[in-house]
Amino acid sequence: MTAMLMEAGLVVCVGPGGVGKTSVAAALALMAARAGRRTCVLTVDPARRLASALGIGLANVPTRVPLQAQGELWAAMLDAPASFAAMIERIAPNAALRDRVFEHPMYRAGAGGLSRSHAYAAMEWLHEVFAHGGYDLVVLDTPPASVGVEMFDAPARLLALLDPKVLGWLLGKGGGGVAGRVMAGGGAIARRAAQALLGEGPWADILDFLGLLLVLQPAIVERSNAMSARLRQADTRFVLVCRTDAPALDDLGQIADALAERSLPVGHAVWNRVPEAIDDPGALDVDAALASLGLDSADDAAVLRAARTARREAARIAARARTAAAQFARSRRIVHTAWVPELETTGGLDDLERIAGLLDFAGG
Amino acid sequence: MAVSDGGPSRDRIRDRRERWPQRILVTGKGGVGKSTIAAALALVAARDGAQPLLMEAGARASLARIVGATPTDVPAPLFEGVYGVSLAGDAALVAFAADVLHSRRLARVLVGHRAIGTLMAAMPAVAEVAAMHVLDRRRDYAPVVVDLEATGHAQMWLELRDTLSPVMSRGGIADMLARMHDELADPGRTALVLVTRAEPLAVAETTELCESLQQPGSVRPRAIIVAGTTPTGPALADIARLRAVADARGAAAVRDDLDYLAREAQRAAHEREMAAPLHGTGVPVLWSPRVASEGRAALFAIGEPLAAALLDHDGVVTSTGGDR
């Protein structure tokens, strides 16, 4: 575990929502910081209490987490509009173009609260932290489930759109070559269909905005390429974080498939909130049990029966959870797994300390 | 626990069919049992004689395990009288385009075209607009139970009209978004249900969502459902009394049982404490204990009390258990 944190430059935590992903990401970052690495944890969607525990405000600029003991830990949370604005400030060739982007209705609509824009913003933000942060390790917490995986597609999606041939065709510039001829086939129909679908005004706005993007294209392509490459760099580690119950594991299977499709290898898993293992005591002979206590009331019998039923049920749930998680790891060839039991959490920094203490991957 | 034939009487069922709202939006963090609750409500609605459509906003495998089938991109029978439709991938976009352009073939050309298709895939709001359109068009089903993705995503849905107002202030899409916004904000037509767990972070997120939904014109949640809670068992005093007897008599196995039950009772009490901030939201809190059964029986066991709380008493939701 510590070995992984010592050699990685980027750790990406992926998993369904509600599994404690943000806490695990923060705990991993804390461990790395304790081990002497200058670490930054980037959270995409933290609950306010965790954010305040980490001492991060609403800015997406990392701030230092006040630790009791030694270590340098930084934390930030994504602010999508601010990330977009910062990017445009940096890459716009002049103030006039920058202002045209900022005032464009497409930018105003898109930079706000849409999931796909969040995905773009998160990648851009990660890029910035890498370019200027000087951290030994960055731990990235991702939005839950499919939105989280979509984040990894964001650079490629942008690149596909910013492909000069595609952009050129959309803007009615160029259109030569094989690609141009292919797009021209059925292109007029598709273009008219898109116009009819979205309405003439919005369609004109979109094309106008694409014209602005064309100017920014080289800088965006360079950044997108850099982020795609960063995700595939040798020192990037993907860590699955999940609970062990069936619905969560179902979701995780889908996420793992999506990562595999994108050739993003997963070597580690953290099973969080694992129910405690309980031995199944077998069925209860209620009459015999009552007799052994010298009791005979039906109410007491009901309590004894309820107690055994609850214990057996818990044993069954715990056994099933462990088997399912172990099976998942085996079938996906995940070598390093850590088991974190159910903790009574407070949502504060002390939770992270405890989780960090428990995160010890089998097999290093 | 009441299963299919042990449930409410025929008269009550007939009476209740009319009470299901047009739409139920189910949201909350992933992994809290959202899909299970959506499926359970749809199943009870079908049993009540309504024609429910279960709409999956994301592509999640959990539904396949819960109901044994996966919804397709056009509404089709899913299980037990419940219809299902998926909004995942291009499905919603194709349905949206096909409706507006009056041609499924043209919709496919649009989505499949290298440049136009790429643009559609890259544009931020397209997926949400398409999903909203599908919801707008499915008026032949009621209730339409929408299994929304994570909380933040649900909020994007509910704020879509305002988010897109800079680019879409007029035209067919703007009209549709305005209409849907009004309908989703109308508690008589749409029930927004927030699913959470009795854990500090999940509870905090739910209360934060309730706060942010308090703006005028916004959607007021019909209920908060605390899912997968520890069932309430015998009183702690009775457990302690019997445990003392078992200990004195050396009945080790029975003592261990009672120890376990006492821990569960403590956990149940602790869950109530952790969920306490939910009561400050002013939204009714429904307690949904985990069930031991599986499959259809489990869905009925989960769905029946929730449906009763959501629909009975003339639509006025009362807390079940959470306040006692």
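The values are calculated or read from the model by the stated rules, or taken from the named source; none is laboratory data. As the structure is a computational prediction, the values presented were derived from the model and not from experiment. As a convention, Cβ positions derive from the backbone with ideal geometry for all residues, glycine included, and neighbour counts pool all protein chains shown. All accessible areas refer to the heavy atoms of the entire protein, side chains included, with ligands and DNA or RNA removed. Shrake-Rupley method; radii C 1.70, N 1.55, O 1.52, S 1.80 Å.
Annotations for the structure displayed:
- The strands (runs of 3 or more DSSP E) located wholly in region A:1-81 that include 1 or more residues which are open to solvent by 10 Å² or more (accessible area, probe 1.4 Å) and modelled with pLDDT under 90 occupy A:73-77.
- Scanning region A:303-313 for residues that are within 7 Å of chain B (Cβ to nearest Cβ) and out of contact with any helix residue (DSSP H, G or I) (no Cβ under 6 Å at 6 or more places or on another chain) turns up A:ALA306, A:GLU313.
- Out of B:GLY295, B:GLY228, sole residue that is within 24 Å of the chain's Cα centre (by Cα), within 11 Å of chain A (Cβ to nearest Cβ), modelled with pLDDT under 95 and open to solvent by less than 50 Å² (accessible area, probe 1.4 Å): B:GLY228
- Remark: pairs (first residue in region A:91-110, over 15 Å from A:LEU214 (Cβ atoms) and modelled with pLDDT under 95; second residue of a type in the set (Lys, Arg) and part of a helix (DSSP H, G or I); Cβ separation under 9 Å; 6+ apart in sequence or on different chains) = A:PHE102/A:ARG108; A:GLY110/A:ARG116.
- Selection of region B:269-292 for residues being of a type in the set (Val, Ile, Thr) and away from chain A (no Cβ under 14 Å) yields B:THR281, B:VAL283, B:VAL285.
- Filter result for B:VAL283 (at pLDDT 90 or above and touching a helix residue (DSSP H, G or I) at 6+ places or on another chain (Cβ under 9 Å)): yes
- Some residue of region A:300-320 being open to solvent by 20 Å² or more (accessible area, probe 1.4 Å) and in a loop (DSSP other than H, G, I, E, B): no
- The single condition among (1) at pLDDT 95 or above; (2) open to solvent by less than 10 Å² (accessible area, probe 1.4 Å); (3) within 11 Å of chain B (Cβ to nearest Cβ); (4) more than 17 Å from B:ALA292 (Cβ to Cβ) that A:VAL270 does not satisfy is (3).
- Of the helices (runs of 4 or more DSSP H) lying entirely inside region B:41-151, those containing at least 2 residues that are more than 9 Å from chain A (Cβ to nearest Cβ) span B:91-101, B:104-112, B:126-137.
- The residue of region B:159-201 that is surrounded by the fewest Cβ atoms within 10 Å (Cβ to Cβ), among those that are under 15 Å from the mean Cα position of the chain (by Cα) and of a type outside the set (Ser, Thr, Tyr), is B:LEU184.
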